[in-house]
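Just so it is clear, none of the values below were taken in a lab; they were calculated from the coordinates. As the structure is a computational prediction, the values presented were derived from the model and not from experiment. When we count neighbours, we look across all protein chains shown, and the Cβ atoms used for this are built from the backbone with ideal geometry, even at glycine.
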C-alpha cells in the first residue's frame, strides 16, 4: 500500500496533476494563492505571508516596510478531503499514448498505478520534499559568505569538503549536493553570518535556519508545532522587509506550509527524498543488461539480500567472496595512521593509567569497597593484568577510529597536528560529565547536572597491558566556567586561551564525542 510519494517539487506537480508554476503554483493554497508578476524579472513572486498572521498582529498594519499597503485579507482556506473529492470526482482521464499492434490496430499502454480505481489515487498523499525546499532556500542565502566558508574545515563524513566547493573566481558555490545544503543551512550558515549583515537581517536568517533545524529533529514535540508555525510566518514577514521581491519564489512560500505537513505526515526525516537519491547509485550498479534495467535491479537486490541473510545466519563462519571489514571485532577503537612506539614522562603515564583504573567496569566493585585489586579474592584475568605494572612503552597514533554509541557508527578522530596537515578537522572533542554546582559557600543542597567539556585531542595513545591494549586521548581542555559561554543567539563560544584541568588530560576513546570548531567571524 502506498501512503505517500516523496518527490521534488516539479515531480510533485507531475504526479498530483496540479500545476506548480505560474500565479496559482501553491498546491495547498490553490485558488487562494496570491502572487505578483515582476515586469522586469519575468517571474511570479509570493509576497503574501502577512495574511497568515493573527488579525491583531502589528505587521498587518505596517505599510512602508512591505508593499505600501495594509494587509487585511484572511488566510487561505485549506480544502478538506471531502472538498477535494467533490472538485475532482467527475474528472475523466484517458491515460497512455496510442501504439500500433502488428495488425495495424491502435492500443494504449497503461501503467499499473493507473489501473487502480480512481478513489484509490486520492488516498495517496504527495508530500513536499523538505530537503528540496531547504536546498533552494539555502542557495539564495549563501552568495555573500564565500570568504568564510572557504576557510571552514569539517570532520570526515560530515559533508563534502566545503572549501573545495567555493569558487572565488566566479563567486559561487559549485557542486553542492542536497546534503551539503542541509548542513550549510542548519549549522554552517548561522555561524558564517555572525560577521556580516546588520543585526536585524542576520537575526531573521538565523531564525529561519533554526526553524529547519527544529523540524528535522528525529523527535518533534507536537505541543511546539503551533509555536513553530507562528515563528516561521513572522520570520518570513521579516525577510519581506529586508530582501527584494525576486527572492520570494514558490519555494520560499512553501516554507510556511511545512509545519502542516509534519502534523499530517509526521517527522520530516522519515520522508526525505535524499536517502532514495543516494540509493539510486547501488541500484544503477546492479544493471548489467541495458535493455532490461528493472530486471537487473530486482535480481541484484534479491541476491544481495540473500547474501546478507546467510552472512547473519552463519555469523561464526567467514563469508566467501565478501571482503572482511577492517572494523570487525574492534570494540574500543583502533589506530589507523602514523603508529610510533614512544615513551613519555612517568607522571603523565601514571595519570593515564589511573584514569583507566577509575573507568574500567571490572574495577568498580573494588573502588566502592575501598579495596586494592591485589587483595581481591579470585580476580579475573583482566583485573590481574590491570593490577600489574603497565608497559612504559606505548603506541602513539596520528589518527584513530572509535565507536559512537549515540550514532551507532564509527567516527574518525585525529590529533591536532594531523588536522593542521589535513583538509578535514577531526580533533575536536567534547565530554559529557556530571558536575556539582552550588549557589554559594553556604549552600547545603548542591545540584548535580551533566555539563559539556570542550577540548582538542593533542595525542592518541594506546597503552599496552600485555594481553590487551586500551586507547586513550590526551586532550587540552577549556576551563568550563570562564572559557565557555552561550550567547543570546544560542551559539556556544569556546575560548582556547582559557586552558584548564591540566591534571586530568585523558579520556577513554569510547567516551569521546566528536565535534568541530569554526573561528568566530566576530573575533
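Let me know the whole percent of all Cα-Cα pairs from the stretch 4-271 that are separated by more than 34 Å.
28
Can you tell me, using C-alpha contacts under 8 Å and at least 6 residues apart, the relative contact order of the stretch 210-317 as a whole percent?
26
Can you work out the FRET efficiency for the pair residue 199 and residue 224, with r the C-beta to C-beta distance and R0 = 30 Å, to the nearest 0.05?
After rounding, the FRET efficiency stands at 0.70.
Fewest Cβ neighbours within 10 Å first, please rank 36, 350 accordingly. Working shown, then result.
Details: 36 15, 350 11.
Final ranking by Cβ density, sparse to dense: 350, 36.
Compute the length gained on full extension between residue 80 and residue 447: take 0.36 nm times their separation in residues and subtract their Cα-Cα distance, giving the result in nm to one decimal.
Additional length available on full extension: 127.0 nm.
How far, in nm, would the chain grow between residue 314 and residue 64 when pulled straight, counting 0.36 nm per residue and subtracting the alpha carbon separation?
Stretched fully, the residue 314-residue 64 segment lengthens by 82.8 nm.
Suppose each label sits 7 Å from its Cα in the direction of the beta carbon; what would the residue 354-residue 499 distance come out to in nanometres?
Going by the 7 Å Cα→Cβ label model, 1.9 nm.
Would you order 212, 309, 9 from fewest to most other beta-carbon atoms within 10 Å of each residue's own beta-carbon?
309, 9, 212
Hey, for a label at residue 38 modelled as a point 7 Å past Cα toward Cβ, could you say which residues of the stretch 237-262 have their backbone N under 15 Å away?
Residues passing the 15 Å test: 240-253.
Across 10 Å bins from 0, what is the distribution of all Cα-Cα pair distances for the stretch 236-309, in whole percents?
Distribution as computed: 15, 25, 21, 20, 13, 6 percent.
For the stretch 119-248, report the convex hull volume of the alpha-carbon atoms normalised per residue, in Å³, without decimals.
166
Under a plain spin-label model, where a point goes 7 Å from the Cα along Cα-to-Cβ, how far apart in nm are residue 103 and residue 517?
My value for the distance between the label points is 8.1 nm.
Going by average Cβ neighbours within 10 Å, how do the peptides 244-255, 288-299, 13-24 rank, with the highest at the top?
In descending order of packing, they fall as 244-255, 13-24, 288-299.
Using 0.36 nm per residue, how much length does the chain from residue 90 to residue 139 gain when fully extended, once their Cα-Cα distance is taken away? Each step should come with its number before you reach the end.
Numbers: separation 49, 0.36 × 49 = 17.64 nm, distance 4.15 nm.
Gain on extension, residue 90 to residue 139, equals 13.5 nm.
Can you tell me the Rg and the Dmax, both Å, for the Cα atoms in the stretch 1-97?
17.3, 55
Report the relative contact order of the stretch 168-268, percent, no decimals, based on alpha-carbon pairs under 8 angstrom and at least 6 residues apart.
After rounding, I find 29 percent.
Inverting the mean 1/r over all pairs of different Cα atoms, compute the Kirkwood radius of the stretch 444-510 and quote it in Å.
After inverting the mean inverse Cα-Cα distance, the result is 14.1 Å.
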